[in-house]
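All remarks here apply to the structure that follows.
The values are calculated or read from the model by the stated rules, or taken from the named source; none is laboratory data. This structure is a prediction, so every number in the text was calculated from the model and none was measured. Here the Cβ positions follow ideal geometry from the backbone for every residue, glycine too, while neighbour counts run over all protein chains shown.
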C-alpha cells in the first residue's frame, strides 16, 4: 500500500473516530450536550460523504470498502441515537453567546 493510500485511510479513520466519539458522548450527556454531540457527529459524517463523492471511482478497493463500511456503521448508530434522543435532537444546537451565525 502506497503512502498516499495510507494517508487517505488515516484521514477517513480519524474523521470516523471523531464521529464515533461524539455518538458515545451523546449517550451520556444532558439533552443540550446530547444534541450538540449528535450535530457534530452529523458534520463528521457529512465530511466522510463528501470524501466519498470527491473520490468516486479513484479509490483502491480496500479504501472504498473501509469508507463504505465505516459510513454504514456510523449512519446506523446515528439513526439509533436520534431515535432514542427524541424530536429535540433533530433541532440544530443553540448558538453560543458571541458566535457568528
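Report the residue count in the stretch 51-72 for those that are loosely packed, with under 14 Cβ neighbours inside 10 Å, assigned to a helix (DSSP H, G or I) and without any contact (Cβ under 8 Å) to a residue 24 or more places away in the chain.
Matching residues across the stretch 51-72 total 7.
Kindly provide the set of residues from the stretch 18-31 that are buried (at least 18 other Cβ atoms within 10 Å of the Cβ) and over 12 Å from residue 48 (Cβ atoms), ordered by number.
Within the stretch 18-31, 22, 23, 26 meet the criteria.
Assess whether residue 15 counts as being surrounded by 13 or more Cβ atoms within 10 Å (Cβ to Cβ) and modelled with pLDDT of 90 or more.
The answer is yes for residue 15.
Before we move on, is residue 48 modelled with pLDDT of 95 or more, loosely packed, with under 15 Cβ neighbours inside 10 Å and part of a helix (DSSP H, G or I)?
no
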